[in-house]
Amino acid sequence: MKTIGMWLFMAYAALSGCAPQEQAHSIRGETMGTLYNVKYFGPARLALDAALDRRLQQLDASLSTYKAGSEVSLFNASGANQWFPVSASTAQIVTLAQSISERSDGAFDITIGPLVELWGFGSGPLQSEPPPTALILERLSHVGYQNISVRNNPPALRKSHPATAIDLSAIAKGYAVDQLADLLDDAGVDAWLIDIGGELRSRGNKVTGQTWQIGIEKPITNERSAQRVITLNNAAIATSGDYRNFFEFNGVRYSHSINPLTGWPVTDNIGSISVIANDAMSADAWATALLVKGSDEALQLAEENALAISIIRRGADGELIEQLSPAFAALLNN
């Protein structure tokens with residue numbers, strides 16, 4: 001799975017001054033087409049490390065659009081107007097996705113899958129120019145979150161159009177972060193940081209008395225530097241941007257962030273949007289929805305939903321301009 005959204009990076013994890021038994025333990029690997037990194041305090045727990053990795057592999061096998069036997073792929077290939085049994089996890093993800101679709105007036109839409117593929121940002125070959133308008137309109141005709149129904153008991157999905165297909169890549173990594181958070185909490189670990197492809201969530205600083213410091217990248221294609229460093233305190237953060245996954249044609253940049261209402265990549269001057277929330281799944285989905293909305297509507301929607309967001313947009317002469325929602329600004333002052 002290609003990485004959707006910009007990468008956040010850990011500016012530093014303040015871990016110095018700990019007794020030997022309090023040192024941070026780190027595990028890392030690959031999942032969902034990206035990298036994951038989990039840090040927690042205390043000696044290594046091999047059984048816990050294995051459980052974390054196993055849960056990620058289970059989710060990847062279920063949610064991937066790249067694997068023909070995944071739940072998502074099998075549902076996409078299924079017929080219309082019939083309930084398709086899925087795991088409780090998939091139903092939970094789709095339930096939240098549909099809620100955010102409604103609250104964002106369709107800016108977030110998991111049925112964007114056929115358009116993602118058409119533009120070359122899915123499991124197929126990369127593209128170097130926009131697809132024909134007629135093909136965009138044809139795919140757009142069966143895109144729409146209203147085409148999907150979800151039930152949780154027993155968990156199942158149903159679509160009203162046979163060509164409708166879902167793509168959970170804009171929410172699945174956040175859900176995976178939350179799943180690992182639950183495993184760490186259940187194991188009694190009270191200080192940890194989880195990073196899956198730039199979607200992060202932290203817990204506690206009780207062992208060292210210090211906090212997790214996270215850098216939000218400047219949305220510059222060939223540069224890795226921080227626009228801002230924040231303290232991530234018992235919260236999650238996700239970012240979506242236009243500067244890592246895109247192609248240029250005739251001097252125009254076409255990014256992976258596609259507007260499900262038009263079928264075309266977003267054309268706003270936003271470089272990236274970061275969202276802080278209690279859970280990573282919500283932060284992940286909202287970051288995509290708000291990027292599609294554009295800066296003015298994103299700020300309005302953030303205030304209506306009490307969302308903590310940071311927008312980094314490009315000015316007329318290329319300078320970076322940061323706009324913060326009241327909830328984000330309040331977090332900085334705490």
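The values are calculated or read from the model by the stated rules, or taken from the named source; none is laboratory data. In this text the structure is predicted, and so the values were computed from the model without any measurement. Quick reminder, even Gly has a Cβ in these numbers, built from the backbone with ideal geometry, and neighbours come from all protein chains shown.
Points worth noting:
- Members of the stretch 268-297 that are out of contact with any Phe, Trp or Tyr (no Cβ under 9 Å at 6 or more places or on another chain), of a type outside the set (Lys, Arg) and more than 21 Å from Leu232 (Cβ to Cβ): Asp268, Asn269, Ile270, Gly294, Ser295, Asp296, Glu297
- Test: Arg244 is part of a loop (DSSP other than H, G, I, E, B) and in contact (Cβ under 8 Å) with a residue 12 or more places away in the chain: yes
- Qualifying residue in the stretch 312-327 (condition: surrounded by 23 or more Cβ atoms within 10 Å (Cβ to Cβ), of a type in the set (Val, Ile, Thr) and modelled with pLDDT under 95): yes
- Given (1) modelled with pLDDT under 95; (2) under 24 Å from Gln82 (Cβ atoms), number of the condition Leu118 does not satisfy: (2)
- Evaluating Asp268 against the criteria (1) crowded, with 19+ Cβ neighbours inside 10 Å; (2) assigned to a strand (DSSP E or B); (3) more than 14 Å from the chain's Cα centre (by Cα); (4) of a type in the set (Asp, Glu) leaves one unmet condition, (2).
- Scanning the stretch 88-123 for residues that are surrounded by fewer than 21 Cβ atoms within 10 Å (Cβ to Cβ) and part of a loop (DSSP other than H, G, I, E, B) returns Asp105, Gly106, Gly120, Ser123.
- Here Ile148 fulfils each of the conditions (1) closer than 30 Å to Ser295 by Cβ; (2) surrounded by fewer than 19 Cβ atoms within 10 Å (Cβ to Cβ) apart from (2).
- Of all the residues in the stretch 285-321, those that are over 15 Å from Ile216 (Cβ atoms) and either of a type in the set (Asp, Glu) or assigned to a strand (DSSP E or B) (or both) number 7.
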